Amino acid sequence: MKNDDLKQISKLLDQKLEPVQKELKQHGTLLKQHGTMLRSLKRDQDTILDMLDKEQMSQRKRLTRVEERLGIFSPVS
């Protein structure tokens, strides 16, 4: 094989692989965007769960106080 033959083969391979490389780059960009969105959703989920947990604890305390005042004692699990 001559050097020119190798150059032509290399050029042909580059042309054939270009669409694949372009698509891989697009997929990489999408994966990065999805990763960012997932991290944001996780933060939002953690915030909401924390808020709900605090609300549940507050409601539990209120229920206990009401039960104590009414003389009703039920186990709260």
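Derivation of every value follows stated rules applied to the coordinates shown; laboratory data play no part. Quick caveat, the model's predicted, so the values are computed rather than measured. We place every Cβ from the backbone using ideal geometry, glycine too, and count neighbours over all the protein chains shown.
Spin-label model, Asp5 to Gln21: label points 7 Å out along the Cα-to-beta-carbon direction sit 2.5 nm apart. Per residue, the convex hull spanned by the Cα atoms of segment 36-77 measures out at 44 cubic angstrom.
Of all lysines in the structure, the ones whose alpha carbon falls short of 30 Å from that of Lys42, not counting any fewer than 8 places away in one chain, are Lys25, Lys32, Lys54, Lys61. When the Gaussian network model of the chain links Cα atoms closer than 10 Å, the mean-square fluctuations of Leu41, Leu30, Leu13 top out at Leu13. Derived value for the chain: Kirkwood hydrodynamic radius 18.6 Å. Basis is the mean of 1/r over every pair of different alpha-carbon atoms. Within the listed set Lys25, Lys16, Lys54, the residue fluctuating most in the Gaussian network model of the chain (springs between alpha-carbon atoms under 10 angstrom) is Lys16. Partners of Lys2 within straight-line reach, counting lysines whose Cα lies under 25 Å from its Cα and excluding those fewer than 8 residues away in the same chain: Lys11, Lys16.
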